[in-house]
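Trainee: Structure incoming, see below.
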């Protein structure tokens, strides 16, 4: 379980409140699943599912630097560095429930089932193109921070918004653009970009005690675009 960063979690919890007003007049029923998914993502953002361990290089931070970085990102770097005198980490690879598992399954759900009751065809080509572009953007902007893990800028997912509207076929409803061409490619793209970064990681040059896929360093980028997709779907 992650050490929670209280202020960001409170902030994202508070920004959900205005969506209740955006979804008034019967619209909340249509957006309730999306809203509940975002709420559950937030509540489970501190839970990690361990996958496996690898060996990576331990960064050469002073105690002051390690303490400062740990306070910024909410990770116990100083404790991890002092707990073992070896020069290499026993790195734990984990999946965050709120930032990886839930949004990934919801993205697949939207892709497979949301269009069954609609007359418009599934824009599979456009979804694929947007996902590939988002993967490239995410991979290019992702950074491996020694002792912290993979960092993805919070604004990365926002690139999916103009891509979604540019690639959207004519006649596709705005709600479907928000779901299939903004939310789905953003989630797939950010997570794929992180996985590629992890697979291509030079373990002899940089390392961390843990790599949280969808957690520390990337959860807020995933949650921000998820929230914006909900807002766009609500006002479409």
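Quick note: the coordinates plus some simple rules give every number you see, no bench work behind them. Just so it is clear, the model here is predicted, and its values are computed rather than measured. Ideal geometry is used to build each Cβ from the backbone, glycine not excepted, and the neighbour counts take in all protein chains shown.
Trainee: Under the Kirkwood approximation for Rh and a Cα-based Rg, what ratio Rg/Rh is obtained for segment 147-228?
Mentor: Details: Rg = 14.9 Å, Rh = 13.7 Å.
The Rg/Rh ratio comes out at 1.09.
Trainee: By counting other Cβ atoms within 10 Å of each Cβ, how are 129, 46, 41 ranked from fewest to most?
Mentor: Values: 129 16, 46 19, 41 25.
If I rank by nearby Cβ atoms, fewest first, I get 129, 46, 41.
Trainee: Between residue 39 and residue 195, what FRET efficiency follows from the Cβ-Cβ distance if R0 is 25 Å, with the result rounded to 0.05?
Mentor: Values: r = 26 Å, r/R0 = 1.04.
Given R0 = 25 Å and the Cβ-Cβ separation, E is 0.45.
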